[in-house]
Amino acid sequence: MAELVDDVPIARTGAAITVVGNKMLVWGGFTQEIEGEGDDRFPLNIPLPEEDDEDYPIEEYSITEQCWRRHQTSGKGGNADNIPAFGSGSVMISMGGLVYLYGGWNDQQFSNDVFRLDPVKMEWEKLPYTGYPPVQKCHCGMVQYQDKLVVFGGIGMAGEPGRGGGAQYITCHDTTVTYGYSWNNELHSFDPNTGHWQEIDSPNRPPPTGAFTFTEIDPDHAILFGGRVEHTRMNHVYILDMKSMSWSGPHLPANQDEPWPTSRTLHTMVPLLDPQLPRARREQKVIVVWGKGRDNKHVRDMWILDVASMTWKEVTLLYMCSS
């Protein structure tokens, strides 16, 4: 059931977003409510969808109609366990007309489950698995390679000895994140058709990090920009060759005068060309917008990267405001 709404969805952070055809789908995230009175007021994080919302809504924005709709979703077989329960830091992509969601955090625990959404029926299904999955985590990256999902990095539970395909784990001591958990640089692939997870031992992988962008730029390559470990934010670029599952990078400015975005996390990156186009491999450019930079301050700028030459250009943003 779809409900046309007059206003935009509730304000939130950490939502999972993907595009299916000409529609953008938004799931989960955190919103805030102010509790207490006077000097004792404090913000309280509320994971979405809220526990008492039995419609399990997903928000849809029609790019062609320029309007929002709210869809009620359900679990396959009427089973609520087939519906994701993790509000923030999940990753979501569309593949083959279906939507896949991985990981997340609900203010109590992390997830390493994969859920599949049929965007026609608006029905979720939790996928069973074999093999060795990534640790439970959030703020990782996920892209498509052929008919598989490729998952990298994030913050979550500590890795087990002998697991992770050569991955590293750095214990998180930052109490603003979650004390005792770990940043990681795991690389895994997941086959939705068989439910099998495969650990990948990948040369020259980026250091453990989370809250970066990981974006498909052509059928065989994905680009990583930015990220964070502890209090350090990055502005490096890595390219993953998904045929060989090997990395190139880090790409960094050659000198302080070279145009280059500042270090950041929680930004947005999108390709200008459809990654599946034949010319994407040689002509691809990506846009990076905003984020959170050094000293936890918001960054409000926009950059375009020419992937072939690895050169950045800052673009002036024009803001429209009403009096």
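The values are calculated or read from the model by the stated rules, or taken from the named source; none is laboratory data. Source: prediction; values computed, not measured. Backbone-built Cβ (ideal geometry, glycine too); neighbour counts: all protein chains shown. Side chains included, ligands, DNA and RNA excluded: accessible areas come from the protein's heavy atoms. Shrake-Rupley method; radii C 1.70, N 1.55, O 1.52, S 1.80 Å.
Things to note:
Conditions tested, residue by residue: (1) at pLDDT below 95; (2) hydrophobic (A, V, I, L, M, F, W, C).
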residue: ASP201; (1), (2): yes, no
residue: ASN204; (1), (2): yes, no
residue: GLY210; (1), (2): no, no
residue: PHE214; (1), (2): no, yes
residue: GLY227; (1), (2): no, no
residue: THR232; (1), (2): yes, no
residue: ILE239; (1), (2): no, yes
residue: TRP247; (1), (2): no, yes
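- Test: residue in segment 57-65 that is open to solvent by 80 Å² or more (accessible area, probe 1.4 Å) and touching a residue at least 24 places away in the same chain (Cβ under 8 Å): yes
- Residue check, ALA280 under 18 Å from the mean Cα position of the chain (by Cα) and open to solvent by less than 70 Å² (accessible area, probe 1.4 Å): no
Yes or no, residue by residue, for (1) within 17 Å of GLY195 (Cα to Cα); (2) of a type in the set (Gly, Ala, Ser); (3) surrounded by fewer than 21 Cβ atoms within 10 Å (Cβ to Cβ); (4) free of Cβ contacts under 8 Å to residues at least 60 places away in the same chain:
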{"site": "MET122", "(1), (2), (3), (4)": "no, no, yes, no"}
{"site": "GLU125", "(1), (2), (3), (4)": "yes, no, yes, yes"}
{"site": "GLY131", "(1), (2), (3), (4)": "yes, yes, yes, no"}
{"site": "PRO134", "(1), (2), (3), (4)": "yes, no, no, no"}
{"site": "GLY141", "(1), (2), (3), (4)": "no, yes, no, no"}
{"site": "GLN144", "(1), (2), (3), (4)": "yes, no, yes, no"}
{"site": "ASP147", "(1), (2), (3), (4)": "yes, no, yes, yes"}
{"site": "VAL150", "(1), (2), (3), (4)": "yes, no, no, no"}
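- Residues satisfying the stated conditions in segment 267-323, i.e. in contact with a His (Cβ under 7 Å, 6 or more places away or on another chain) and in a strand (DSSP E or B): VAL288, VAL289, LYS292
- Residue selected from segment 1-56 under the condition hydroxyl-bearing (Ser, Thr, Tyr) and open to solvent by less than 60 Å² (accessible area, probe 1.4 Å), by the criterion modelled with the lowest pLDDT: THR31
- Where a residue in segment 298-315 is on the phi > 0 side of the Ramachandran plot and its partner, wherever it lies, is modelled with pLDDT of 95 or more and open to solvent by 40 Å² or more (accessible area, probe 1.4 Å), with Cβ under 6 Å and at least six apart: MET310/HIS251
- Criterion (at pLDDT 95 or above and more than 30 Å from GLN276 (Cα to Cα)) met by exactly one of GLY75, GLY103, GLY131: GLY75
- Under the condition of being farther than 23 Å from PRO275 by Cα, open to solvent by 30 Å² or more (accessible area, probe 1.4 Å) and in a strand (DSSP E or B), the residues counted in segment 189-229 number 4.
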